[in-house]
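Readers should treat all values here as calculations from the given coordinates under stated rules, not as data from a laboratory. On a predicted model such as this, the values are computed, not experimentally measured, just so you know. So basically every Cβ, Gly included, is an ideal-geometry build from the backbone, and we count neighbours across all protein chains shown.
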Amino acid sequence: MRAVQRFIAACLLASLTLPTRATDLRFDAEPLTAQRLVETVLDRNPGLQALRAAVTEAASRVEPAGALEDPMLAYNVAPQTIAGQRLSQAVDLSQEIPWPGTLALREDAARSEAEAAGQDLADLRLEIIAAVKAGFAEWYYVHRALAINEANRDLLIELRNVAETQYAAGRATQQDVIQAELEHARLLDEALALQKEQRSIQAQLNGLLNRAPGEYLSPPKEVEPPAPPPDLQVLQQTAVETHPELKQAEAQLQASRSRVGLAEKDFYPDLGLNIGYDSFWDDEDQRFSVGATINIPLNRSKYRALRDAAQANALRSQWRLIDRRARLLAALGRARAEVAESVDVIALHHDQLEPLAQDNLSAATADYRAGAGDFLDVITAENRKLMIELGLARAQANYVRRLAELERWTGGALPAGYGSGNEESTNE
């Protein structure tokens, strides 16, 4: 949810601050694919660019975290001796050296935090891909719905002509003609609603692409026949091994464990080395000196409290990892079940429902032409055919959206060649 909020905020910011570059975004040359839409959004999304900068920042902190503090140089002079024959001055160079192992733990913690930032970027990328593909699915559905609506309006014009012929021959009533006109007007009303929805989806997709809301988008490419989803155990194993959300939680757990080690180092003193030259001493043998300092961690209860806090944070990170794994696997199982359902629904519509609906309409029309049927049966058969065709279009759009969700929860690592559109994966 946090990553999605960042993505939405970044898209809003882009629409307000970034210039529109219509010349390098041509979506009118060929049918639009989900792959092309995703690649363009990923290339231009400012939320991803900001996170990439954050990853670079986190990675740049690793080396300094494992380095010693800068040495300290101190210089003192007696002002009244500056103009005299003997200048009294003192120079001291000191270097703080933490307890052995402290620097390595600091570097490990910084490295784990950098890894967590990188996985946060990868997780946001997966969410953006799923969101864009969901938008493409709606773009596909509204175009199919409009095409189905137009085809059924043409069909109703033919049915009206049949009703007029029957009415002229005295084998039907004027109500049949009026009913055909009414159904045609109803489909026109639905077409207007679909066109409004089409403009809304077009504006949303153009917003993701940082383009003007009404700028032209080419119609979507036809969705390829779906395939049954891979085995759940294979998907679960892939998700556990590769999903960036889990890797981020693992990196955060490792960072918290490193901080526990740092808290334990607080019980031991840090060492300070210094070298000095002090001409204030009359005896030249006493002017050059070397020395060492250590801090004395007397307040043991303070350091125990800090260690307990670090251990509690590590325990919280560990339980958070367990919780994220459980929630991810549950979401993965649900996504796979939904993809499997879409595959079955599409097969049912394509293999049985659509042919039966067409046969039903043909039979009702033939009976009416022969004077053995009622025109209401023809309209009912036409409506059923329309609903089944729209149901197939919705099932195909749902398949695209649900497959994107399955890819998102798997970590974008579905088996090669699987999925709709035969498009190359957009996941790194």
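Residue separation times 0.36 nm, minus the C-alpha to C-alpha distance between ARG384 and SER94: what's the value? Please list the in-between numbers first.
Details: separation 290, 0.36 × 290 = 104.40 nm, distance 8.80 nm.
The ARG384-SER94 span can extend by a further 95.6 nm.
Which order do the peptides 275-282, 81-88 come out in when sorted by mean C-beta neighbours inside 10 angstrom, highest first? Don't jump to the answer; show the numbers that get you there.
Values: 275-282: 13.6, 81-88: 10.0.
Listed from highest to lowest mean packing, they are 275-282, 81-88.
Using the basic label-point model (7 angstrom from Cα toward the beta carbon), what is the ALA330 to GLN80 distance in nanometres?
8.1 nm
Would you mind working out the magnitude of the charge dipole of segment 186-316 relative to its Cα centre, with +1 at each Lys and Arg C-beta and -1 at each Asp and Glu C-beta, to the nearest 20 Debye?
Roughly 640 debye for segment 186-316.
Under a crude label model (7 Å from the Cα following the beta-carbon direction), how far is ALA413 from ASP270 in nanometres?
Result: 4.0 nm between the two label points.
Per DSSP H run of n ≥ 4, the term is -39500 (n - 2.57); total these for the chain, divide by its residue number, and report the mean residue ellipticity at 222 nm rounded to 500 deg cm²/dmol. Don't skip to the end; give the middle numbers.
Working: 11 runs with 282 residues, N = 428.
Using -39500 (n - 2.57) per qualifying helix, the result is -23500 deg cm²/dmol.
Once the piece of chain linking ILE178 and GLN286 is laid out straight, how much longer is it, given 0.36 nm per residue of separation minus the C-alpha distance between them? Could the numbers behind the result be given before it?
Numbers: separation 108, 0.36 × 108 = 38.88 nm, distance 11.82 nm.
Between ILE178 and GLN286, full extension yields an extra 27.1 nm.
Taking R0 as 51 Å, what's the FRET efficiency between GLU222 and ALA169 from their Cβ-Cβ distance, rounded to 0.05? Mind dumping the intermediate values first?
Values: r = 42 Å, r/R0 = 0.83.
Taking R0 as 51 Å, the efficiency between GLU222 and ALA169 is 0.75.
Once you charge only the Cβ atoms, +1 for Lys and Arg and -1 for Asp and Glu, what is the size of the charge dipole of the chain about its Cα centre, to the nearest 20 debye? Numbers along the way, then the final one.
Details: 45 positive and 62 negative charges, 190 e Å.
With Lys and Arg at +1 and Asp and Glu at -1, about 920 debye.
With +1 on the Cβ of every Lys and Arg and -1 on the Cβ of every Asp and Glu, and nothing else charged, how large is the dipole of segment 138-213 about its Cα centre, in debye rounded to the nearest 20?
Computed charge dipole of segment 138-213: roughly 280 debye.
Can you list the lysines whose alpha carbon is less than 23 Å from that of LYS265, not counting same-chain residues fewer than 8 positions off?
List returned: LYS302.
Could you give the alpha-carbon Rg of segment 194-303 over 2.2 N^0.38 Å, rounded to two decimals?
With N residues counted in segment 194-303, Rg over 2.2 N^0.38 Å equals 2.55.
Hey, what's the Cα Rg ratio for segment 26-122 versus the globular rule of thumb, 2.2 N^0.38 Å?
With N residues counted in segment 26-122, Rg over 2.2 N^0.38 Å equals 2.16.
Mind checking which aspartates and glutamates have their C-alpha under 13 Å from LYS385, skipping anything on the same chain fewer than 8 residues away?
GLU354, ASP359, ASP377
Along the positive direction of the dipole of segment 36-155 (beta-carbon charges: Lys, Arg +1; Asp, Glu -1; about the Cα centre), which of ALA50, ALA134, SER60 reaches farthest?
ALA134
Efficiency by 1/(1 + (r/R0)^6): what FRET value for GLN237 and ALA309, r their Cβ-Cβ distance, R0 = 30 Å, to the nearest 0.05?
It comes out at approximately 0.25.
So for the pair ARG369, THR293, with labels modelled 7 Å out along Cα→Cβ, what separation do we get in nm?
Simple spin-label model gives 10.5 nm for this pair.
Putting +1 on Lys and Arg Cβ atoms and -1 on Asp and Glu Cβ atoms, find which of LEU306, LEU329, VAL343 reaches farthest to the positive end of the dipole of segment 292-357.
Comparing the listed Cα positions along the dipole, LEU306 ranks first.
Between ALA212 and GLN358, 0.36 nm times their residue separation minus their Cα-Cα distance comes to what?
48.4 nm
Could you calculate the FRET efficiency of ALA50 with GLU341 from 1/(1 + (r/R0)^6), where r is the beta carbon distance between them and R0 is 41 Å, rounded to 0.05? Provide the component values of the computation, followed by the final result.
Numbers: r = 37 Å, r/R0 = 0.91.
Working from the Cβ atoms, E equals 0.65.
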